[in-house]
1. Here is a list of conditions, (1) surrounded by fewer than 19 Cβ atoms within 10 Å (Cβ to Cβ); (2) more than 20 Å from T149 (Cα to Cα); (3) not acidic (D, E), and C236 meets all of them except one; can you say which number that is?
2. Starting from residues that are polar (S, T, N, Q) and open to solvent by 30 Å² or more (accessible area, probe 1.4 Å), keep the ones in the stretch 2-30 and report whichever is nearest to V65 (Cα to Cα).
3. Quick one: which residue in I70, I81, I107 is hydrophobic (A, V, I, L, M, F, W, C), touching a Cys at 6+ places or on another chain (Cβ under 7 Å), crowded, with 20+ Cβ neighbours inside 10 Å and within 25 Å of A347 (Cβ to Cβ)?
4. Which one is nearest to R169 (Cα to Cα), of the residues in the stretch 42-59 that are among the aliphatic types (A, V, I, L, M) and open to solvent by 40 Å² or more (accessible area, probe 1.4 Å)?
5. Name, by its number, the condition in (1) at pLDDT below 90; (2) in contact with a strand residue (DSSP E or B) (Cβ under 8 Å, 6 or more places away or on another chain) that does not hold for A280.
6. Given the condition touching a strand residue (DSSP E or B) at 6+ places or on another chain (Cβ under 7 Å) and open to solvent by 40 Å² or more (accessible area, probe 1.4 Å), answer yes or no: does some residue in the stretch 123-134 qualify?
7. Do we find that A246 is in a loop (DSSP other than H, G, I, E, B), closer than 24 Å to Y126 by Cα and not polar (S, T, N, Q) in this structure?
8. Just checking, does the stretch 231-242 include any residue being modelled with pLDDT under 95 and of a type in the set (V, I, T)?
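The values are calculated or read from the model by the stated rules, or taken from the named source; none is laboratory data. For clarity, every value in this text was computed on a predicted model and none was experimentally measured. Cβ placement follows ideal geometry from the backbone for every residue including glycine, while neighbour counts extend to all protein chains displayed. Remember, those area values only see protein heavy atoms, side chains included, never the ligands or the DNA or RNA. Shrake-Rupley method; radii C 1.70, N 1.55, O 1.52, S 1.80 Å.
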Amino acid sequence: MTAYGIVGAGMMGQEHIRYISMLPDATVAAVADPDPEMRRASADLAGAETRAYENPAALLSDGGVDALVIASPNHTHRQVIESVAVSGLPLLVEKPVCTTADDCAWIRGFARDYAAPVWVAMEYRYMPPISRLLEIVRGGEIGTLRMLTIREHRYPFLRKVGDWNRFNRNTGGTLVEKCCHFFDLMRLIIGREPIRIYASGAADVNHQDELYDGATPDILDNAYVVVDFDGGVRACLELCMFADGAYHQEHITAVGDAGRVEALIPGPERFWRGEVHRQAEIVVSPREPKGPRREAIAVDPELLAAGDHHGSTWYQHLGFLETVRSGKAVDVSVEDGVRAVVMGLAAEESAVTARVVSLDEATTGLSG
C-alpha cells in the first residue's frame with residue numbers, strides 16, 4: 001500500500017485526494033493545512049484513518065508516508081518544499097511550481113540536488129482530447145506543424161481561503177497561475193523552445209467590486225499572447241475569464257501544411273447544472289480531400305465527477321504512482337515547470353510594458 005501525504009487541503013488538494021482514493025493499493029495517510037476547516041474537510045474526505053496536521057513538518061514527524069503532494073497556494077511552494085526536503089520523499093508539486101524569477105532559480109537548484117523524483121502537476125497534458133490531438137500532430141496527419149492556437153473561455157477565478165488568488169504577488173499573475181498550463185502545452189505540442197513573447201491583457205470585468213484591506217484585485221481577466229518558437233512555428237493564447245457561458249471551455253487548434261486538428265473540451269459539469277453530459281471532440285480537417293472527420297472522446301463518468309480537469313488528474317496520478325513505486329522518470333520535470341512559468345512571467349511583463357519580451361531576457365539569472 002502506497003501512503004500519500006497531502007500538503008495544502010483546499011480545492012485542488014481535495015481533488016488529489018479523490019483520485020488517489022481510486023488508485024490501486026494507495027491511500028491518503030495524512031493531510032496538512034493551516035486552515036482548520038479545510039484540514040477537517042480533507043481528512044474526512046480521505047477517510048477515518050487519515051491524520052490531520054497544521055503544517056508539513058508535523059505531518060512528517062509522525063512518518064508513515066511514501067510520497068507527498070504539494071497543493072498549497074502558489075507563493076508558498078518554495079517554503080513548503082524547503083520544509084519537507086529533509087524527508088527525501090518523491091514530490092508531486094502543483095503548478096505553478098514557482099511564481100518569481102528568484103524562486104524559479106532556487107527550485108532548479110533544489111531539483112538538481114534532490115535525490116528523489118520531483119514531478120510538476122500539469123494536469124492539462126493528460127486530458128484525453130489533448131492526448132489525442134498530440135497523437136495526431138506527432139503522427140504527421142496534418143503535415144508539418146506551423147501554427148498552434150489555444151483558446152480558453154471560462155469562469156472567473158474561484159474563491160480560495162484568504163482570497164490569496166486575487167493578487168499577482170501571490171499567484172505570479174494570471175498568465176503564470178492559469179496559463180502556465182497552456183505554455184507547457186505549447187512546448188509539448190510544438191516540441192521546440194519559445195524565443196519571444198508579446199502579450200496584451202487587462203483586468204476589465206472580474207473582481208472590480210472586491211476590496212481586500214482597501215486594495216482591489218490586480219489579476220488579469222483576459223489576454224492575447226503571441227509566442228514565436230524557434231524553427232518558425234508560432235502560437236497564440238486567447239484567454240477570457242468572463243466567458244463561462246461558452247459551451248466548450250478549451251478549444252485547441254493545430255495547423256500544419258497538410259491539414260488542421262482541433263480539440264474541443266467542455267468545462268466542469270458542476271457549473272452547468274441540469275445539462276446533459278457534453279463530450280469532448282476531436283475534429284481533423286485535411287486539406288485534401290476536404291471534409292472534417294469528427295471523433296467523440298469519451299471519459300469515464302466516475303473520473304469526470306471526481307474533479308474539474310476532465311479526468312486528467314487520474315491519468316497523471318497513474319504515472320506518478322509508477323514513479324514512486326518503480327523509480328520511472330517523471331513525465332513533467334521541474335525544468336518543464338520552470339520554463340512554463342518563465343513564459344508566463346515574460347507574458348505578464350509584456351502586457352504591462354506593451355513590448356516584445358525575448359526569452360533570453362526572461363531567463364537571465366535563472367541558472368539555479
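1. It fails just one condition, (2).
2. By that ranking, first place goes to T27.
3. Numbers: I70 fails: touching a Cys at 6+ places or on another chain (Cβ under 7 Å); I81 fails: touching a Cys at 6+ places or on another chain (Cβ under 7 Å).
Going through I70, I81, I107 in turn, just one is hydrophobic (A, V, I, L, M, F, W, C), touching a Cys at 6+ places or on another chain (Cβ under 7 Å), crowded, with 20+ Cβ neighbours inside 10 Å and within 25 Å of A347 (Cβ to Cβ): I107.
4. The residue in question is A57.
5. (1)
6. Keep residues of the stretch 123-134 that are touching a strand residue (DSSP E or B) at 6+ places or on another chain (Cβ under 7 Å), which gives 127-130, 132-133.
The next check asks that each one be open to solvent by 40 Å² or more (accessible area, probe 1.4 Å); those that pass are 132.
Yes, because at least one residue in the stretch 123-134 is touching a strand residue (DSSP E or B) at 6+ places or on another chain (Cβ under 7 Å) and open to solvent by 40 Å² or more (accessible area, probe 1.4 Å).
7. Criteria met by A246.
8. So far as the stretch 231-242 goes, no, none of its residues is modelled with pLDDT under 95 and of a type in the set (V, I, T).
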